[in-house]
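K.L.:
Dropping a structure here in structure tokens format, bear with me for questions.
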Amino acid sequence: MLALFDLDNTLVDRSAAMRRWAQLLARHEGLSESAVEAIVDADGEGEMPRREFLAVVQALPGMRMSLKELQDWYMANYASCYLPDANSIHALTLLRDARWRIGVVTNGSKVRTAEKLARVGLEPLIDALCVAEEFGIRKPDRRIFVEVARRCGVALDGWMIGDAPVEDICGAVRAGLRTAWVRRGRRWNEHSCRPDLEVDSVLEAAIAIVRPARSAPDPHRLQ
């Protein structure tokens, strides 16, 4: 049994981490609360390339650091803004106890992904990791799902849990996986596919997918 997970805003709360980093920077540079909102908006949930994002931040009124200093400061402090999530730890522990293989598949940076997983205490609960930067292929390409299943040592047959409609859910559907969408207060608006489940947390998803497996009849049991 295979359970694959996205990382940002699925297993870890990236939005909260970015806000913590913005608040940390504002205190360090003596910026106003409005600068915090400007930084969060500029981040665009991680869609803006980091070099461009940091250039926008460095240009904010009151910033004292040079762009190079800001880049170094970001690298040194960003991962520390991620906190352990009891729901994610519980979800992965539940799956491991039920003998599921667990993989993480992300379009993020290899170094940053490893830092986040170590910071939030999820690293020991994961069987395999596949990062687009290292593999050279990004979600929603089917090949990245095939690769993470291979690294988990099982066939590509199971579930993908993620928050991105196209990259996580539609990509996984095309790869033949069942899917659970972490909706984060949103409504499903993607017309090319639909998730099997809509959930509010990875723990809710884990409970939903483990229970049917536990309750399924054993075909080898004597009647």
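K.L.:
Please list LYS110, LYS139 in order of solvent-accessible area, largest first, computed with a 1.4 Å probe with all protein chains present.
P.N.:
Numbers: LYS110 110, LYS139 15 Å².
Correct descending sequence by accessible area is LYS110, LYS139.
K.L.:
Go ahead and run the numbers for FRET between HIS28 and ARG184, Cβ-Cβ distance against an R0 of 22 Å, rounding to 0.05.
P.N.:
Given R0 = 22 Å and the Cβ-Cβ separation, E is 0.15.
K.L.:
Here is a follow-up. Among THR93, THR106, THR179, which one shows the biggest mean-square fluctuation in a GNM of the chain, springs joining Cα atoms closer than 10 Å?
P.N.:
THR93
K.L.:
Now a separate question. Compute, for the chain, the length of the dipole vector about the Cα centre, with Cβ point charges of +1 (Lys, Arg) and -1 (Asp, Glu) only. Units Debye, rounded to 20.
P.N.:
Values: 31 positive and 32 negative charges, 118 e Å.
Charge dipole of the chain: 560 debye, to the nearest 20.
K.L.:
Sequence gap at least 6, Cα distance under 8 Å: using those rules, report the relative contact order of the chain to the nearest whole percent.
P.N.:
Averaging sequence separation for qualifying contacts and normalising by length gives 22 percent for the chain.
K.L.:
Also, I was wondering about something else. Write down the Kirkwood hydrodynamic radius of segment 26-139, to one decimal in angstroms, obtained as one divided by the mean of 1/r over all alpha carbon pairs. Write down the numbers at each step before the final one.
P.N.:
On the way: mean 1/r = 0.0617 Å⁻¹.
It is 16.2 Å.
K.L.:
Could you work out what % of the accessible surface of the chain is carbon and sulfur, using a 1.4 angstrom probe and leaving DNA, RNA and ligands out of the count? Can you show the working numbers first?
P.N.:
Details: 5830 of 11430 Å².
Using a 1.4 Å probe with all protein chains present, the chain comes out at 51 percent carbon and sulfur.
K.L.:
Report the calculated FRET efficiency for ILE207 and ALA155 (r = Cβ-Cβ distance, R0 = 22 Å), to the nearest 0.05. Walk me through the intermediate numbers first.
P.N.:
On the way: r = 24 Å, r/R0 = 1.08.
Given R0 = 22 Å and the Cβ-Cβ separation, E is 0.40.
K.L.:
While we're looking at this one, here's another question. Whole number please: convex hull volume per residue of the Cα set in segment 102-166, in Å³? Could you put the intermediate results ahead of the total?
P.N.:
On the way: hull volume 5.6 nm³, N = 65.
For segment 102-166, the hull spanned by Cα atoms encloses 86 Å³ per residue.
K.L.:
Return the unpartnered cysteines for the chain, using a Cβ-Cβ cut-off of under 4.7 Å.
P.N.:
Taking the Cβ cut-off of 4.7 Å, the unpaired cysteines of the chain are CYS81, CYS130, CYS152.
The values are calculated or read from the model by the stated rules, or taken from the named source; none is laboratory data. As the structure is a computational prediction, the values presented were derived from the model and not from experiment. Backbone-built Cβ (ideal geometry, glycine too); neighbour counts: all protein chains shown. With ligands, DNA and RNA removed, areas are computed over all heavy atoms of the protein, side chains included. Shrake-Rupley method; radii C 1.70, N 1.55, O 1.52, S 1.80 Å.
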